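Structure first, commentary second.
The values are calculated or read from the model by the stated rules, or taken from the named source; none is laboratory data. Keep in mind that this is a model prediction, so the values were computed, not measured. Don't worry about glycine lacking a Cβ; one is built from the backbone with ideal geometry, like all the others, and counts go over all protein chains shown. The accessibility values were calculated without ligands, DNA or RNA, using every heavy atom of the protein model including side chains. Shrake-Rupley method; radii C 1.70, N 1.55, O 1.52, S 1.80 Å.
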There are 2 protein chains.
Amino acid sequence: MILKKLFLHNFRNFDNEKFIFEKRNIIYGKNAQGKTSILEAIFLLSLGRSFRTSKLTELIKHKKKFFFIEAEIIKDLVTQKISIYFDRNNKKKIKHNHTSIYSFSHLFGIMPTILHSPYDINIISGYPTKRRRFLNIHLAQKDPLYVYHLTRFYRALKQRNTLLQKKLLTNIEIWEDEIAKSASYITYARNKLLLLLKNPIQNSIDSLSEKTEKIDLKYLPGLSFQEDTKKTYLSYLQQLEKNRKKDLYMGTTQFGPHRDDFTIYISKKPAKNYASEGQKYSISTAIRLAEYKILNYNAIINIDDIGVHLDEKRIYNLKQILESFSQIFITTSIKNEIFEKENIIKIQEGKIVY
Amino acid sequence: MILKKLFLHNFRNFDNEKFIFEKRNIIYGKNAQGKTSILEAIFLLSLGRSFRTSKLTELIKHKKKFFFIEAEIIKDLVTQKISIYFDRNNKKKIKHNHTSIYSFSHLFGIMPTILHSPYDINIISGYPTKRRRFLNIHLAQKDPLYVYHLTRFYRALKQRNTLLQKKLLTNIEIWEDEIAKSASYITYARNKLLLLLKNPIQNSIDSLSEKTEKIDLKYLPGLSFQEDTKKTYLSYLQQLEKNRKKDLYMGTTQFGPHRDDFTIYISKKPAKNYASEGQKYSISTAIRLAEYKILNYNAIINIDDIGVHLDEKRIYNLKQILESFSQIFITTSIKNEIFEKENIIKIQEGKIVY
């Protein structure tokens, strides 16, 4: 799949701008000119949400009433269009070719996109929430059963916590049974994903660091689990019962997939504590590229502010890796010889300049 | 004050390394060679803690039993020494010249240091906790009364929350009175600091962005406050009483300095939502430089991974600003013509290379 054209109207600091893209696109410009806003528009058309804000009205240009954005993509040799209109009253009109779409969630899959930003370093350095969100977003994209169990798990967990707070333990077993069933699937899926990610991550890291660094990923469940989800379910059930007294005192369910975490190791030490910023950035890049390989779809790769924290050698190696992807968009505020031969789109104050 | 010499033994990936510094020092090297560890040693000698980990044993070189670091500074024309020994049993020996120091906290003030790292962007984009921590750390350095009130406030808050959870409201007024008294001072001091910071921040931003961006800072207290701390105290007291029912239901004190926040505006819009990464990085740099000016001491400025997110023009402007500071240490993994004339210390695998 290729994103061929993009039109932005009243979007962020863009008035009316038409972009024609190629396979490799370098969006270059000084700070605060609108580079990331282009990636934001692509992301919005792909996933129905922004990666910078939860309030879409913030995307409407200052003093304007609405924004309109449109993408033209070529997929399986057929040209398709996706457009979004959004105004200050939160009214939206989404279209795929000539069909109206009534919810952003239905955009999903039409123009798959992977975004890699400097904030991805939080998968390594941030709180466990960041890592759980990474696992959930990835698994939600490829496994509807995961979505089902995650929803069911959180609903049952809420019920159990309410009973704990009210000190009403009658019927708590019903919810514990649901929790244990869904938790065992969630744990199984997450652990499997981490095992799957390991090799492609190592491959990217080998290319970036020239085989000097060894990566490992380990899931850290608060409750024990086995390969067999049925055994895991029974063991969860037991442990929930055993923990009831403690949980009653705390007024909340202390262990389970809602608290789980995973550790990334670099040369056998936790990357969170031992990796340098350059190594952390390299690992986060490798994670995004591995996602692409595992999802196995024809996604667009967007890299915001490329090479932050990377030395010249690693930026050069990263460019070599990117050669194999079908379409890439890269933003940068630093002129770099490495990218001189690509399609360079220079942005200044929300306009393309030549 | 000038940091003249630094000796690192078994520290991170350094074996035995002696550094001789000048006024401007560029620490240059590829990723993961030990650049940041030099700044970490300076920070540790200055503030008795690391900015990368809370476990000092992580700083001991792999397979070694202890680390030893020593700084030689010239202050008021006199040469002084500070050293730290730390081993795997958490045993420490700290020395200032020939005097033993028994606690890390007593190091404070001997070799004042300000660190600016890419993580400072969290002051703008992160959770309110990050901004409160910034205010608290800054104020604690210059105002012992602030430390007194902050400690007293948290102690009283804990007492009130315990009473709320136990649903025991007798005597709660005693703690509310303490809370109101200390909260009014905390709010007053924080608000005053933000007013003080505004001009120096604007000055740096003017130099970085060439006068295109206007900055504002606004304190956002959950409870109303006046210029007069006595009036604020009385108003807090009233509001705590008024909130008691709601707080009883939630089991916690919902409003007060422990939940307060401040907003940074850029050209009248919240920087958190509207600033580009380059603008956010510029603001965080400006905040650190403003801190230096307000604290008005002869601090060392450490800038880790300089210019992340900045375009070439802004990096150049930043260098001009840094000219006026007494001593600076900058790490970078990218060769940059702008810094070619400075004292460049090239690091490779924990060693100085020439």
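Restricting region A:16-52 to residues that are touching a His at 6+ places or on another chain (Cβ under 9 Å) and under 24 Å from B:K313 (Cβ atoms), the residue that is modelled with the lowest pLDDT is A:N31. All conditions but one from (1) among the aliphatic types (A, V, I, L, M); (2) free of Cβ contacts under 8 Å to residues at least 60 places away in the same chain; (3) in a loop (DSSP other than H, G, I, E, B) apply to A:V308; the one that does not is (2). Among the residues of region A:270-309, write down those that are more than 14 Å from chain B (Cβ to nearest Cβ), open to solvent by less than 20 Å² (accessible area, probe 1.4 Å) and within 20 Å of A:L193 (Cα to Cα). Once the filter is applied, which keeps residues that are more than 14 Å from chain B (Cβ to nearest Cβ), open to solvent by less than 20 Å² (accessible area, probe 1.4 Å) and within 20 Å of A:L193 (Cα to Cα), region A:270-309 yields A:I287, A:L289, A:A290, A:E291, A:A299. Looking across region A:27-51, the residues that are within 14 Å of chain B (Cβ to nearest Cβ) and in contact with a helix residue (DSSP H, G or I) (Cβ under 6 Å, 6 or more places away or on another chain) come down to A:I27, A:G29, A:N31, A:A32, A:S50, A:F51.
Each residue in region B:316-351 was checked for being closer than 22 Å to B:S37 by Cα, open to solvent by 30 Å² or more (accessible area, probe 1.4 Å) and in contact (Cβ under 8 Å) with a residue 40 or more places away in the chain, and 8 pass. For region B:103-123, the criterion of a residue being over 22 Å from B:L6 (Cβ atoms), charged (D, E, K, R) and under 23 Å from the mean Cα position of the chain (by Cα) is satisfied by at least one position.
Residue pairs whose Cβ atoms lie under 6 Å apart, separated by 6 or more positions or on different chains, with the first residue in region B:195-220 and in contact (Cβ under 8 Å) with a residue 40 or more places away in the chain and assigned by TED's automatic domain parsing to the domain that holds B:S184 and the second buried (at least 18 other Cβ atoms within 10 Å of the Cβ) and assigned to a loop (DSSP other than H, G, I, E, B), are B:I205/B:E213. Residues in region B:190-217 that are of a type in the set (A, V, I, L, M, F, W, C), in a helix (DSSP H, G or I) and open to solvent by 10 Å² or more (accessible area, probe 1.4 Å): B:L195, B:L196. Looking at region B:325-344 only, could you name the residues that are away from every other protein chain (no Cβ under 11 Å) and either within 25 Å of the chain's Cα centre (by Cα) or not in a strand (DSSP E or B) (or both)? Scanning region B:325-344 gives B:F325, B:S326, B:Q327, B:I328, B:F329, B:I330, B:E337, B:I338, B:F339, B:E340, B:K341, B:E342. Being surrounded by 14 or more Cβ atoms within 10 Å (Cβ to Cβ) and in the same structural domain as A:F325 (by TED's automatic domain parsing) is a property that A:I74 lacks. Mind listing just one residue for me: the one in region A:135-151 that is free of Cβ contacts under 8 Å to residues at least 60 places away in the same chain and within 10 Å of the chain's Cα centre (by Cα) and, of those, least open to solvent (accessible area, probe 1.4 Å)? Only one residue tops the list, namely A:N136. Here is a check on your reading of the model: is A:S100 hydroxyl-bearing (S, T, Y), outside the structural domain of A:A189 (by TED's automatic domain parsing) and surrounded by 14 or more Cβ atoms within 10 Å (Cβ to Cβ)? No. Is it the case that some residue within region A:61-72 is within 14 Å of another protein chain (Cβ to nearest Cβ) and within 28 Å of A:I306 (Cβ to Cβ)? Yes; the residues of region A:61-72 include at least one that is within 14 Å of another protein chain (Cβ to nearest Cβ) and within 28 Å of A:I306 (Cβ to Cβ). Within region A:227-269, the set of residues being of a type in the set (A, V, I, L, M) and open to solvent by less than 20 Å² (accessible area, probe 1.4 Å) comprises A:L240, A:I264, A:I266. Considering only residues in region A:11-41 that are under 22 Å from A:T57 (Cβ atoms) and of a type in the set (A, V, I, L, M), the one that is surrounded by the most Cβ atoms within 10 Å (Cβ to Cβ) turns out to be A:I38.
May I ask you to list the residues in region B:258-278 that are in a helix (DSSP H, G or I) and touching a strand residue (DSSP E or B) at 6+ places or on another chain (Cβ under 6 Å)? Once the filter is applied, which keeps residues that are in a helix (DSSP H, G or I) and touching a strand residue (DSSP E or B) at 6+ places or on another chain (Cβ under 6 Å), region B:258-278 yields only B:A271.
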